[in-house]
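The values are calculated or read from the model by the stated rules, or taken from the named source; none is laboratory data. This one's a predicted model, so the numbers in the text were calculated from it and none came from an experiment. Backbone-built Cβ (ideal geometry, glycine too); neighbour counts: all protein chains shown. Keep in mind that these areas ignore ligands, DNA and RNA; they rest on the heavy atoms of the full protein, side chains included. Shrake-Rupley method; radii C 1.70, N 1.55, O 1.52, S 1.80 Å.
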Amino acid sequence: MDGLHSWWEYVVGHGDDVLEATLEHAQITVVVVILATVFSVALGVCVQSRPTSKAIALAIASIFLTIPALALFALFIPLVGPGDNPAMMALFLYAILPILRNTVTGLDEVSPAVVESARGMGMSSAQRLWRVRLPLAWPLIMTGVRISTLLTVGIAAIAILVGGGGLGTFIQGGLTRLGLPNSVESVWVGTVFTVLLGLALDVVLSLVQRLTSSRGLRA
Amino acid sequence: MSEAVTPLTARWRHGRKHSVSTVAMPTGAQLWHRYSLVLAPAFIAGLGLVLWYYYNSLGVGTIAQIQVSSALDWETKLKPQLIQHLTIAAWSTLLVILVAVPLGVLLTRGGPRRIAPAVLAVANSGQALPAYGLLIIFLAAMGQGGRTVVVALVVYAILPVLRNTMVGLDGVDRSMLEAGRGMGMTRMQTLLRIELPLAVPVIVAGIRTAMVLNIGMATLAFLIGGGGLGITISSGLKLNQDAVLLVGAITVALVALTFDWFGALAERFLHPRGL
Amino acid sequence: MAGEPKIRLDHVSKIYQGAEGPAVAELTLDIDPGEILVLVGPSGCGKSTTLRLINRMIEPTSGRIYLDGDDVTDVNPDQLRRRIGYVIQQIGLFPHQTIAENVATVPKMLRWDRKRISTRVDELLELVGLDPRVYRDRYPKELSGGQAQRVGVARALGADPSIMLMDEPFGAIDPITRESLQNEFLRLQEELRKTIVFVTHDIDEAIKMGDRIAILGEQSVVHQADTPERILAYPVDDFVRSFIGAGTAMKGLAFERVGDLDLAPFDEGRNGDGKPVGTITADATLFEALEEMLRTADGKTVVVDESGRPAGVVELSHLSDALRTAQDEARRHYDELGAAS
């Protein structure tokens, strides 16, 4: 109880810093996820009908997701120097697989009869993509986006180790001052707010998912 | 790690019911899995070769590169770090299995079954939990050392195994259980002879995910005095030596990819025949 | 068969790469305006491929395709398909769109104005027997199989195409619903007079739906293309005979009406002996007359007029005579054809 109280005191006392770090963390996440979504959906559309390219794209994306975060972050430092940039590049690579995979699965699952009838009515391949295939795959794509977002929020907390910002600064700050007053509170703030940010973004995205998916597709 | 994508996917598709097939082997993904089995070792071999040549070109052991040399010395640095790294990952993965699988079994039976959806929801949103923060929290509570790292890793990696155990068991066709019970099997017998064998692919996928997470998180063990290959990456950052950074990062990547590939092989060969 | 055919396939072939022989070999077929031509044949004979060649869902390897006399073999296929209704067995409604949006698909692509589209959607839903006020805003998942295929037909009729291609449209629907959909569709066709190419593997459906039937063998070779009556009366070869199967004579009886016969006079003394005698009306088919004879185990049945008074008697000999006449007529027809060529 005492811990919770002092934690809350710390949050109130550092309100501006917490807000700023949260916003920075959110900004990193949102930028990364938007770029990853555009890239992965486009890539998914390109490779979906080609089994070999599809398998290779997915295999490569899963290789990225397997490489430990700190290592992948570090690999970009020689290229772009320390800061948010190497972190965002690595996070971008991480965020690809869930979206790419769900895009491909979503497009795979569109019933051939639906595509056949669209073609039979004279829809061009672009019309079939925009009006039929993507809208049908959309709920699953959005699920992928949500997973990528949670992943990105969590991993972005170590951006601080390569000189980036975000809520990791509170964790790092606590670590360097460990034993001194408020150090543990600082770590808790960084951790809890990261989770809260993830949940908040997930709630927002689930709303977006609901609003942008056709009522006809709900189970 | 990739299997982390499926449970939500399955949830979206079936509302509340999970099915084994969608979790274990999603539509159109068979080919991908086969490619992963072949592509991954090729990639690992290529990356290993690059690392080998790069490492040798650095002239480790010569006076000219004293900083780099001391940070990258095999006998005194890289080898013990590698051993520490793998030890941490192995212990935490083993403990995760010992805790999460029985817990998953328990949560899909009788009374506790009712809280299963809540547990799954937490497991899914737990993906936003920052490993870094968790590690430091345990450091503050338990002090420095490898033991702290292992405990933190177990807590962090328990979720995917727990989730996949529950989803895997839940996905077993009810009619098979009926049939088993109808032949006079006890509940324990249906669990051991029908449910668990059928859920194995999904559970193994979860264990693979946990193992990859553990290897990744062991990279951060250095922060709380647990050692591991993270030390080399961190030295590279501190010394501002790209060579040290790269060797550290690539080595960690190689370790993760190699063990992930072992996991992929295990997934493939632990499949019950006929599925 | 005077006048220009609505659709003409002129020596059309389809050869798939790596396949042994052509899927469709040198097919030549004319389809007249306003008729239902049924393509029927065993599975794998290429009847669906043939249908899909017409709207170029499958591009022909060689040969020409004409619509209203225009060569459409090389026109933009998307533009072409917007002029041709297309109905498939799996229906393929867009699950993310409402029924109204589904039906509006082609008019929207043709950039009709909103009001015109809306009126058209209501009109089409009425036409296929679905109340627009109830169904407009529903989604496909809320429909039964029969209702979904009604919407499929409405959607294909969207921009009022003069041609409809239907690939086993009622094949996946339960037998009872199928029967009523077939009847309704025939009633609809009375009004619409579309040119329809209809694929089925079911000879009974072909006999029921077709103004003409083309019986296709391997590689879409046309064994016989003619009215159902003539095909039943005079199958030109063993393939056709075995395909239309047993009961040919019985099926043929369904095409003639009792009213067209020269009935035997009704004799009160001979027929009014109190035994149960079957009665039918003049618009019954000979098939129904036979059914009645069999039911009453009598070699004849009485024809009654609207007020129930006996007008005459159909005897078994009438039926065999009718069949013989049909056969003779068909044989003469084919002899003339043979002589002409």
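The C-A contact accounts for approximately 2000 Å² of buried accessible area, totalled over both chains at a 1.4 Å probe radius. The angle between the Cα long axis of helix C:145-156 and the main principal axis of chain C comes to about 60°, on a 0 to 90 degree scale. Largest GNM mean-square fluctuation across A:Ser49, A:Ser40, A:Ser186, computed for chain A with C-alpha springs under 10 Å, falls on A:Ser49. For region C:283-298 versus region A:78-105, the inter-centroid distance based on Cα atoms is 79 Å. Taken about its Cα centre, region C:7-246 carries a charge dipole of about 980 debye when Lys and Arg each add +1 at the Cβ and Asp and Glu each add -1 at the Cβ.
Accessible area per residue for region A:18-212 is 35 Å², calculated with a 1.4 Å probe on protein heavy atoms, without ligands, DNA or RNA.
Charge dipole of region A:70-193 (Cα centre as origin; +1 on each Lys and Arg Cβ, -1 on each Asp and Glu Cβ, all else neutral): 280 debye, rounded to the nearest 20. Centre-to-centre separation between the Cα atoms of region C:47-123 and those of region A:181-219: 45 Å.
Roughly what angle does helix A:51-66 make with the longest principal axis of chain A, taking Cα atoms, 0 to 90 degrees, to the nearest 10? That helix lies at roughly 10 degrees to the long axis. Remark: spin-label model distance B:Ala266-A:Val31 equals 3.9 nm, labels positioned 7 Å along the Cα→Cβ axis. Apply the a/c threshold of 1.5 to the C-alpha gyration tensor of chain C and tell me whether it is rounded, prolate or oblate. Taking the square roots of the gyration eigenvalues as a ≥ b ≥ c, chain C is oblate. Taking Cα atoms only, the orientation of helix B:131-142 departs from the longest principal axis of chain B by about 90 degrees. The mean accessible area for residues of region B:174-275, using a 1.4 Å probe and ignoring ligands and nucleic acids, is 41 Å² per residue.
Shape analysis of the protein assembly as shown places it in the prolate category; the axes a ≥ b ≥ c from the Cα gyration tensor give an a/c of at least 1.5, with a/b above b/c.
Note on chain B: with charges restricted to the Cβ of Lys and Arg (+1) and Asp and Glu (-1), its dipole about the Cα centre is near 980 debye. Taking springs between alpha-carbon atoms closer than 10 angstrom, which of C:Gly63, C:Gly171, C:Gly247 fluctuates most in the Gaussian network model of chain C? Maximum among the listed residues: C:Gly247. Rounded to the nearest 0.05, the FRET efficiency derived from the C-beta distance between B:Asp242 and C:Ala19 at R0 = 51 Å is 0.30.
Taken across both chains, chains A and B shield about 4500 Å² of accessible surface from a 1.4 Å probe. The heavy atoms of B:His85 offer some 0 square angstrom of accessible surface to a 1.4 angstrom probe.
Within the straight-line cut-off of under 25 Å between alpha carbons, the lysines reachable from C:Lys300 are C:Lys251, C:Lys275, sequence neighbours fewer than 8 places apart in one chain being disregarded. Here the accessible area is traced with a 1.4 Å probe on the protein chains. For chain B, carbon and sulfur cover 68 percent of it. Measuring between alpha carbons in the structure, the pairs from C:Lys108/C:Lys208; C:Lys108/C:Lys141; C:Lys47/C:Lys208; A:Lys54/C:Lys47 lying more than 24 angstrom apart are C:Lys108/C:Lys208; A:Lys54/C:Lys47. In the elastic network of chain C, a GNM with C-alpha springs shorter than 10 Å, the most mobile of C:Gly217, C:Gly158, C:Gly146 is C:Gly146.
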